[in-house]
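Novice: Have a look at this one.
The values are calculated or read from the model by the stated rules, or taken from the named source; none is laboratory data. All values reported here derive from a predicted model rather than from experimental measurement. Backbone-built Cβ (ideal geometry, glycine too); neighbour counts: all protein chains shown. For accessibility, only protein heavy atoms count, side chains too; no ligands or nucleic acids. Shrake-Rupley method; radii C 1.70, N 1.55, O 1.52, S 1.80 Å.
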Amino acid sequence: MNKIVVNGGRRLSGEVTVGGSKNAALPILFGGIVTGDVCTFSNLPRVSDVLQTLEILKFLGARIRFLQSGDVRVDYSSVRAACAPCTLTSAIRGSTYLLGAMLARFGKAELGGAGGCDFGSRPIDQHLLGFERMGAVVTCRESGVVLEAPNGLHGATIPLAMPSVGATANLMIAASLTEGETEIRNAAAEPHVAALAAFLGDAGARITGVGTDTICVQGVPKLHGTHNAIIPDMIEAGTYLCAGVACGGPVRVRAVCPEHLTPLLDAFSKMGAQIETGARSITVTAPKGYQCTDIVTGPFPAFPTDLHPQMAALFCLGNRASGEGSVTELVFESRFRYIEELRLMGAAVSVRDRCAFIQPSSLQAKKLRSPDLRGGAALLLAALATNGQSEITNASTIGRGYEHLEAKLRALGAHITVF
Ligand code: EPZ
C-alpha cells in the first residue's frame, strides 16, 4: 500500500468485522520464543508489522506454516541464539520484545535497532533497568544494545517509572522463564498486556495481578507450546467507529470487546452520537453531526493515545462538528505530526505543549502524506468526510495496522482506491 485515493463527502454506513490486535500479536509472537515449542495462532492479522515479525522469527530459525484453517503455526524449538539484522528489526517497535525472550531462553540478547512510529524519542530505559535488576549486564553500543546473563537471570522487584506497555510486556516474557518471583510495579494494564499474560499462562507461566498496577511472575524452569486466539484490535475497531461518527453512520463493528473501548464510547456520548453495544459488537451513528469535546490520553483505562489523532480529525470537520475540541496527549512527547497535514486541508488547530485546540472549519480535499500509522488513519477519516478527491501518500504506514482497509471501507460505501 503506497497511496490511497479517496472521493470523500459520502455517507458511510454498514458493518465491519474487526481483525486481531496488532499490539497483542507482536508481544505474543516474540514471547513464543520462551516456550521453545510449537504454538499455533488464530485471528492473526496479516498487517505488515505482523508479517515483519514472522520474517524476524524465521531468520532466527523458527519454522513457520500458514495452515489451511487460516491459523499460523510457529515451531520455536529451532530458534537459535542469534542477532536478527537491523534491516529486519528496525522496521518495527515490536522487535524490542526479542530482548526479553532471547535473554531468558539463551542468556544473551542483542538488538541492532527497533523502529516504530516517530513520536520523538522512544527510549527503552525502563526495559533495560528491569533486565539489570534481574541480573543482566547491559552494554549499549553505537550498533545497538547487548544483554548478557551468563549465570542466568533471577527474580527481582522492578518499579517502572511509567506504566510502559513495552517494558511490562518485555519483562513479563523474561520473568516467565526466570527462577524466582519477579514483581513489576506501575505495570501497564492494556488489554494486549493481559492477552500476552494469558498466552504465557497457557504455556505454563505463573502470572498474577494482570490488569492491576502490580504484576507478579513466579518463574518456571520450562514452558510448553499452546494455541492462542489473538484478541480483537480495539484501535482498528475505534478507527472504524470514528469513521461512522465522521460520516454519519450507522456503522457497526463486529468481533470486538466493547469493554476495551469505554473511554471512546464515553467521548462519543458526550459528542451526542448514538451508541448501541452488543456482546461482541458496537454500532454508532451521528446523522446530524456532533459536538466537539475534550480528550486527554493516558495509560489504560484512560483514553488510548492510539485513537487521539482520529478524534482530532473528527473535531476538524466544519461540515459535521460544532463547538470547540481539544486533545491532550500525555503518553508520547510528540504525536502531533499529522496536524500539519490536516492544516493543508484547512484545519484550524493550535498546539501548545501537549495540547491541540481545534475549531471545526471547512476542509478541502488535498494531496496529503501520512506521517505514521494513526496519524495516517486520521488523515483518511478527514478525507472520507470531505467532498472531493484526496490522496494520501506514504500509505504503507497505514498498512502497518489496518488489514483489508480498502475492502472494509468500500463495504461502508467509501469511494476509495489503494495503490
Ligand atoms: C505500545 O508502544 C504500542 N506499540 C503503541 O502503539 C502504543 O501507542 C503504546 O504502547 C502506548 O499504548 C506496540 O504495542 C507495538 P510504551 P510502546 O512503552 O510499548 C515512554 C500504534 O499506533 N517510555 O507504553 O513503545 C515512551 O517514550 C502504536 O499501534 C520510556 O520513557 O509504548 C512513551 O512516551 C504507536 N522508557 C511512553 O513511555 C521506556 O523504557 C509510552 O511508551 C519505555 C517507554
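Novice: From largest to smallest, what semi-axes in whole angstrom does the range 85-124 give when each is the square root of 5 times an eigenvalue of its alpha carbon gyration tensor?
Specialist: 20, 11, 7
Novice: What is the gain in length, in nm to one decimal, between residue 42 and residue 15 on full extension, counting 0.36 nm per residue of separation less the C-alpha to C-alpha distance?
Specialist: 7.5 nm
Novice: Right, here's the next one. Need the C-alpha centroid separation for the range 62-112 versus the range 193-230, integer Å.
Specialist: 18
Novice: Separate question: So if each residue of separation counts as 0.36 nm, and I subtract the Cα-Cα distance between residue 351 and residue 417, what length gain in nm does that give?
Specialist: Length difference between fully extended and current span is 20.5 nm.
Novice: Let me ask something additional. Mind pulling up the Rg/Rh value for the chain? Radius of gyration and Kirkwood radius, both on Cα.
Specialist: Rg/Rh: 0.98.
Novice: While we're here: Springs between alpha-carbon pairs under 10 angstrom, Gaussian network model over the chain: which of 135, 278, 211 fluctuates most?
Specialist: Top of the fluctuation ranking is 278.
Novice: While we're on this one: Of the DSSP beta bridges with both residues in the chain, give the percent that are antiparallel, rounding to the nearest 5.
Specialist: Within the chain, antiparallel bridges account for around 70 percent of the total.
Novice: To continue, here is another question. Tell me, what ³J(HN,Hα) does each residue in the range 353-370 have, in order and in whole Hz, if you take phi through Karplus 6.51 cos²θ - 1.76 cosθ + 1.60 with θ = phi - 60° and put x for Gly and Pro?
Specialist: Karplus-based 3J(HN,Hα) across the range 353-370 equals 6, 9, 10, 10, 9, 10, 10, x, 8, 6, 9, 10, 5, 9, 8, 10, 10, 6 Hz.
Novice: Same structure again: List the trypsin sites (Lys or Arg not before Pro) in the range 34-124 that DSSP assigns to loop (not H, G, I, E or B) and whose Cβ has at most 15 other Cβ atoms within 10 Å. Which are they?
Specialist: Hits after loop and neighbour filter: 46, 80.
Novice: Right, another one. Could you pull out every one of the lysines with an alpha carbon less than 21 Å from that of residue 222, ignoring same-chain neighbours closer than 8 positions?
Specialist: Answer for residue 222, where 21 Å is the Cα cut-off: 108, listed by chain and number.
Novice: With N residues in the range 1-117, what two-decimal value do you get for its Cα radius of gyration over 2.2 N^0.38 Å?
Specialist: Rounded to two decimals, the normalised Rg is 1.23.
Novice: Residue 280 versus residue 179, label points 7 Å from Cα toward the beta carbon: distance in nm?
Specialist: It works out to 4.4 nm between the two label points.
Novice: Excluding residue 353 itself, what net charge comes from residues whose Cβ is under 14 Å from its Cβ, given Lys and Arg +1 and Asp and Glu -1?
Specialist: Summing Lys and Arg as +1 and Asp and Glu as -1 gives +1.
Novice: Let me ask another. Say R0 is 22 Å: what FRET efficiency, to the nearest 0.05, do residue 69 and residue 202 get from their beta-carbon distance?
Specialist: 0.75
Novice: Could you do me a favour and compute the accessible area per residue for the chain, 1.4 Å probe, result in Å²?
Specialist: Normalised by residue count, the accessible surface of the chain is 37 Å².
Novice: So which lysines can residue 366 reach, going by Cα to Cα under 17 Å and dropping same-chain residues fewer than 8 places off?
Specialist: 3
Novice: Here's a follow-up. Restricting things to alpha carbons, find the Rg to Rh ratio for the range 173-296 using the Kirkwood radius for Rh.
Specialist: 1.13
Novice: Another question, then. Run the numbers for residue 367 and residue 137: contour at 0.36 nm per residue of separation, minus the present Cα-Cα distance, in nm.
Specialist: In short, 77.9 nm is gained.
Novice: Just to be sure I understand the rule: take each whole DSSP H helix in the chain, project its Cα atoms onto its long axis, keep it if the span is 15 Å or more and its mean Kyte-Doolittle hydropathy is at least -0.5. Which ones pass?
Specialist: Qualifying helices, which must be both long enough and hydrophobic enough, are 48-59, 165-176, 191-202, 234-246, 373-384.
Novice: As I understand it, the dipole of the range 22-229 uses +1 on the Cβ of Lys and Arg and -1 on the Cβ of Asp and Glu, about the Cα centre. Which of 34, 198, 220 lies farthest toward its positive end?
Specialist: Going by the Cα projections, it comes out as 34.
Novice: Which three semi-axes in whole Å describe the equivalent ellipsoid of the range 203-254, each the square root of 5 times a Cα gyration tensor eigenvalue, listed largest first?
Specialist: 38, 15, 6
Novice: I would also like to ask the following. Which one of 251, 96, 180 is farthest out on the positive end of the charge dipole of the chain, using unit charges on Cβ (Lys, Arg +1; Asp, Glu -1) and the Cα centre as origin?
Specialist: It is 251, whose Cα lies furthest towards the positive end.
Novice: Any idea what the dipole of the chain comes to, in debye rounded to 20, about its Cα centre with Lys/Arg Cβ at +1 and Asp/Glu Cβ at -1?
Specialist: 1040
Novice: Further question on the same structure: Alpha carbons only, please: Rg and Dmax for the range 239-378, in angstrom.
Specialist: 14.2, 40
Novice: Here's a follow-up. Ignoring ligands, DNA and RNA, what percent of the accessible area of the range 22-229 is carbon or sulfur (1.4 Å)?
Specialist: 50
Novice: Using square roots of five times the C-alpha gyration tensor eigenvalues, list the equivalent-ellipsoid semi-axes of the range 22-229 in whole Å, biggest first.
Specialist: Calculated on Cα positions only, the semi-axes equal 22, 19, 17 Å.
Novice: Evaluate E = 1/(1 + (r/R0)^6) for residue 122 and residue 288, where r is the Cβ-Cβ distance and R0 equals 56 Å; express this FRET efficiency to the nearest 0.05.
Specialist: Rounded to the nearest 0.05, the efficiency is 0.85.
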